[in-house]
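The values are calculated or read from the model by the stated rules, or taken from the named source; none is laboratory data. Keep in mind that this is a model prediction, so the values were computed, not measured. We place every Cβ from the backbone using ideal geometry, glycine too, and count neighbours over all the protein chains shown. Quick note on the areas: whole protein, heavy atoms, side chains included, nothing else; ligands and nucleic acids left out. Shrake-Rupley method; radii C 1.70, N 1.55, O 1.52, S 1.80 Å.
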Amino acid sequence: MTEQKSIIVIGGGLAGCEAAWQLAKRGETVTLCEMKPERFSPAHKSEYLAELVCSNSLRSNILENAVGLLKEEMRLMGSLIIEAADATAVPAGKALAVDRTDFSRTIESKLLSRKGVEIVRKEIPAIPTEEVVIIATGPLTSDALAQSIAKVTGSNYLYFYDAIAPIIEKESLNYESIFRASRYADGAGDYLNCPLEKDEYERFWNALTEGKCVPLETFEDIKCFEGCLPIEVIAGRGINTLCFGPMKPVGLVNPKTGKQPYAVVQLRQENREQTLFNMVGFQTKLTWPEQQRIFRMIPGLEQAEFARYGSMHRNTFINSPLLLKETLQLQTRDNLFFAGQITGVEGYVESAAMGLIAGISACRYVHGEKMAPPPGTTALGALVNHITGKDGKNFQPMNVNFGLFPPLPGRVPKKNRGEHYARRALNDLKKWQEEVCGIGQA
Ligand SMILES: Cc1cc2nc3c(=O)[nH]c(=O)nc-3n(C[C@H](O)[C@H](O)[C@H](O)COP(=O)(O)OP(=O)(O)OC[C@H]3O[C@@H](n4cnc5c(N)ncnc54)[C@H](O)[C@@H]3O)c2cc1C
């Protein structure tokens, strides 16, 4: 057992805040170190902790969907991130979207008022050696710390890009073309839809595939995460690919024509005040003038004012299957834990989930207790298995999905599978909480 006083969490993002919360809840003393506002990464803009750097959506909130299930498991485990998301939700159909400022402010104030948590606002350039440390510095870890991590892990970094979708001011939208609806007329109609007819779509597609992009830095190898590909890269795969992806029109009927449009651009509410809307799935590396020119070709966006343009950023992660134990501890150094996107999960919820696991794990470690991770049948366990499994050679970051879960016993019709995965996961999580964590501990 270590004589640990304060556990150091580096990075006050989604994972770091969740890890700090889980530790404090269990009576540990935590020092949470965040470099903002002294230093900002290329994507972070807000001074608050737990900033959502891109979309304001934490994706599906339904149990039959893997990320909805993950959220429910985290709710059951007393997650700070999910509690704050529920408390600051804005309408988004079956998704859980939040008012980003309220969300971050809620998390920060909870941590500030939590006994045992000290928040230090400074960049940590090197990994402390003596203390128990959780590294949760995310995909845009500062360069100095990245070098220090490279030294400790003894392995090379893997780089690829994520892309940010533009945000548009509501007042600049043209409602003569735009209609409000959710897909399959589900719910109150939370999305604004910009419909395109075939000729409009083809003109747009031509412009998009010929648009000028921001040149990439030469030292970085381009490996785009499949779920977050830039819109122009998807378009470049064929004239109809967008109609089966971010511009798919199925389930949407334009009330002005009574017909399904040829293609649709969906806009999702970005803030509680409904003054900003983001272009769903329109992450891009087009230059800013090109975004303005090309996206204004979309009916309804002719006069669009961009509150934020789309952009691309580095994503840094370690080769976790080769480096980490299933407790998210470094194999070669027991007092060093990793959490969040840097472990090779992808997404806000997944990053926070790995903060939750690292927090519980670190707490167990300081008390000399062994931590068995949640079973692989749960969304939490499936993610831990993905990042600490055996495939270090072809390791790629991944969102949670049912493909990471062990198959269901027997034959279950496709439409019922989500429900079955969820039922099995929640049962197994409950047992794990009772047997491994002790009731009230998890
Ligand atoms: C540009 C971009 C867009 C993304 N968009 C989405 C999206 O729309 N939806 C989605 O689900 N996921 C998205 N992701 C992926 C990912 O889910 C988020 O990056 C998520 O915030 C990761 O959580 P985290 O806690 O691991 O890291 P972060 O939330 O980035 O938190 C890390 C924190 O560590 C701090 N930090 C870094 N280095 C140091 C240091 N040396 N000392 C002290 N503090 C430090 C940073 O300032 C930051 O606050 C995106 C990622 C990027 C890069």
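In the range 34-47, the residues that are open to solvent by 60 Å² or more (accessible area, probe 1.4 Å) form Cβ pairs under 7 Å with partners that are outside any loop (DSSP other than H, G, I, E, B) and within 6 Å of the ligand (Cβ to nearest atom), at six or more places apart or across chains, as follows: Pro42/His313.
So which of Gly27, Gly12, Gly68, Gly78 is away from the ligand (no atom under 13 Å from the Cβ) and in contact with a strand residue (DSSP E or B) (Cβ under 8 Å, 6 or more places away or on another chain)? Full working, then the answer.
Working: Gly27 fails: in contact with a strand residue (DSSP E or B) (Cβ under 8 Å, 6 or more places away or on another chain); Gly12 fails: away from the ligand (no atom under 13 Å from the Cβ); Gly78 fails: in contact with a strand residue (DSSP E or B) (Cβ under 8 Å, 6 or more places away or on another chain).
Within the list Gly27, Gly12, Gly68, Gly78, the selection yields Gly68.
Among the criteria (1) at pLDDT 95 or above; (2) farther than 21 Å from Tyr348 by Cα; (3) open to solvent by less than 30 Å² (accessible area, probe 1.4 Å), the one Ile239 does not fulfil is (3). Taking the stated definitions as given, is Ala15 within 14 Å of Leu112 (Cα to Cα) and either open to solvent by 30 Å² or more (accessible area, probe 1.4 Å) or not charged (D, E, K, R) (or both)? It is false that Ala15 is within 14 Å of Leu112 (Cα to Cα) and either open to solvent by 30 Å² or more (accessible area, probe 1.4 Å) or not charged (D, E, K, R) (or both).
The single condition from (1) more than 27 Å from Val400 (Cα to Cα); (2) open to solvent by less than 10 Å² (accessible area, probe 1.4 Å) that Asn56 fails is (1). Kindly indicate whether Gln291 is open to solvent by 20 Å² or more (accessible area, probe 1.4 Å), in contact (Cβ under 8 Å) with a residue 60 or more places away in the chain and of a type outside the set (Gly, Ala, Ser). No. Considering the conditions (1) within 16 Å of the ligand (Cβ to nearest atom); (2) part of a loop (DSSP other than H, G, I, E, B); (3) open to solvent by 30 Å² or more (accessible area, probe 1.4 Å), Ala50 is excluded by exactly one of them, (3).
Looking at the range 315-350 only, could you name the residues that are part of a helix (DSSP H, G or I) and either open to solvent by 10 Å² or more (accessible area, probe 1.4 Å) or more than 13 Å from the ligand (Cβ to nearest atom) (or both)?
Within the range 315-350, Pro321, Leu322, Leu323, Gln341, Tyr348 meet the criteria.
Of all residues in the range 367-380, those that are in a helix (DSSP H, G or I) have Cβ atoms under 9 Å from Cβ atoms of residues that are open to solvent by less than 20 Å² (accessible area, probe 1.4 Å) and β-branched (Val, Ile, Thr), 6 or more apart or on another chain, in Ala379/Val67; Ala379/Val400; Leu380/Ile357; Leu380/Val400. Restricting attention to the range 191-215, and to residues there that are crowded, with 20+ Cβ neighbours inside 10 Å and not hydrophobic (A, V, I, L, M, F, W, C), which single residue is farthest from the chain's Cα centre (by Cα)? Among those that are crowded, with 20+ Cβ neighbours inside 10 Å and not hydrophobic (A, V, I, L, M, F, W, C), it is Tyr201. Within the range 53-65, the residues that satisfy the criterion of being within 16 Å of the ligand (Cβ to nearest atom) and either over 26 Å from Ser361 (Cα atoms) or basic (Lys, Arg) (or both) are Val53, Cys54, Ser55, Asn56, Ser57, Arg59, Ser60, Asn61, Asn65. Within the range 90-113, one or more residues are more than 12 Å from the ligand (Cβ to nearest atom), at pLDDT 95 or above and farther than 28 Å from Gly68 by Cα. Could you grab the pairs with beta carbons closer than 6 Å, sequence gap of 6+ or different chains, first residue in the range 119-133 and under 21 Å from Trp21 (Cα atoms), second one among the basic types (Lys, Arg)? Once the first residue is under 21 Å from Trp21 (Cα atoms) and sits in the range 119-133, its partners that are among the basic types (Lys, Arg) give Glu123/Arg39.
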